Amino acid sequence: MSKTLQKEVDPILCASQERAISGELSYSELTRLKTVIEPSSQPIRADLEFSRIGKFVVVTGRISANLVLQCVACLEALDFQVEIDVKLAIINSESLLNQLPDNHEPCLLEGDHLLISELVESEVVLVLPDVPRHDVCPIDLPKSSSSKDFALQMEEKKNPFDVLESLKKH
């Protein structure tokens, strides 16, 4: 059985010890993702390692999960596989952005500690689809509506420049 991820770490200390942190975030531990994923989603698994590249503390590893989203078209469950290779450089100032190690993304640290759960959630949020939808929905979707407000055809509107057409003929 996997342990839950540590919530808060000192990244400088972790890098000096070349510490590896592995664990899971369950649905109940999530904050931002709760509104996007279904409670039946599997826990998010993270295997992270802290180290140094030059003057930078870096976090590398892998985040994986099998999440359940809701399809916006049919409202049925949609399985979404997450596999993220993590390569982050911890910075405390935006002025360091142009000095990052190659192939590393910035992770802005506010304070002395890093919340592992926030880091993991932020990475997952970046890969979620804006509009979750099946390629082919498992149920037939309605092609029309019996609602009075539903317009089957666009009303033909008069062209406002037709008046100019009549002037052109004179």
* Carbon-plus-sulfur fraction of the accessible area of the chain, 1.4 Å probe, in percent? -> 50
* If each of residue 31 and residue 51 carries a label point 7 Å out from its Cα toward its Cβ, how far apart are those two points in nm? -> 3.0
* **28 Å tail of the calculated P(r), the chain, as % of Cα pairs** => 45
* Asked: Taking amide H positions as placed 1.01 Å from N in the peptide plane, with prolines and chain starts having none, which residues 5 or more places from residue 73, or on another chain, fall under 5 Å of its amide H?
  -> 134
* Stretched out fully, how many nm does the piece from residue 134 to residue 94 gain, at 0.36 nm a residue minus the Cα gap? -> 10.5 nm
* Treat the range 1-53 as a sphere of radius equal to its Kirkwood radius over Cα pairs and apply Stokes-Einstein at 10 °C in a medium of 1.306 mPa s; give the translational diffusion coefficient in µm²/s, rounded to a whole number. => 127
* Which distance in nm do the two modelled labels at residue 103 and residue 62 give, with both placed 7 Å along the Cα-to-Cβ direction? -> 1.5
* **the chain - accessible surface per residue (Å², probe 1.4 Å)** => 70
* Considering amide H positions built from the backbone, and no H for Pro or chain starts, which residues 5 or more places from residue 53, or on another chain, come under 5 Å of its amide H? -> 58
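The values are calculated or read from the model by the stated rules, or taken from the named source; none is laboratory data. On a predicted model such as this, the values are computed, not experimentally measured, just so you know. All Cβ positions, glycine included, derive from the backbone under ideal geometry; neighbour counts span all protein chains shown. We work out accessible area using only protein heavy atoms, side chains counted, and drop any ligands, DNA or RNA first. Shrake-Rupley method; radii C 1.70, N 1.55, O 1.52, S 1.80 Å.
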